């Protein structure tokens with residue numbers, strides 16, 4: 001059974017267009033690495049500088065650990081670090097944004 005994880009990140013002021021441009025064409029090697037790490041889907045919404053990510057993945061923590069040392073992901077994270085207020089170095093064991101409520 002897969003997990004649905006929600007993440008929240010924030011763009012640096014003035015970085016919205018560069019972020020959109022970067023995501024207009026994701027490197028095929030990164031897509032392959034994400035899929036190999038168990039990601040079924042990754043969607044991102046933007047409202048101003050706020051970004052909401054919804055990740056459908058087999059095992060979120062395992063995916064993060066697998067991608068932490070992947071050269072393609074390291075290069076992508078370096079690119080994103082230029083655009084995001086807080087760099088994600090893949091060193092933690094985060095679980096994303098906690099679920100507060102769900103329609104029964």
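A few notes on this one:
- Here residue 9 fulfils each of the conditions (1) under 13 Å from the mean Cα position of the chain (by Cα); (2) free of Cβ contacts under 8 Å to residues at least 12 places away in the same chain apart from (2).
- Pairs with Cβ under 6 Å, 6+ apart, first in the stretch 91-103 and over 15 Å from residue 59 (Cα atoms), second surrounded by 10 or more Cβ atoms within 10 Å (Cβ to Cβ): 97/6; 97/8
- Residue match in the stretch 22-37 (condition: within 22 Å of residue 98 (Cα to Cα) and in contact with a strand residue (DSSP E or B) (Cβ under 7 Å, 6 or more places away or on another chain)): no
- Tabulated pairs, the stretch 59-77, first over 14 Å from residue 35 (Cα atoms), second at pLDDT 95 or above and surrounded by fewer than 14 Cβ atoms within 10 Å (Cβ to Cβ), C-beta under 8 angstrom, 6+ apart or interchain: 76/27
- Pairs linking a residue in the stretch 25-50 that is in contact (Cβ under 8 Å) with a residue 40 or more places away in the chain to a residue that is in a loop (DSSP other than H, G, I, E, B) and surrounded by 11 or more Cβ atoms within 10 Å (Cβ to Cβ), with Cβ atoms under 8 Å and 6 or more positions apart or on different chains, are 33/70.
The values are calculated or read from the model by the stated rules, or taken from the named source; none is laboratory data. Here the structure is a predicted model, which is why all the values come from computation and not from measurement. Glycine also receives a Cβ, built like all others from the backbone with ideal geometry; neighbour counts cover every protein chain displayed.
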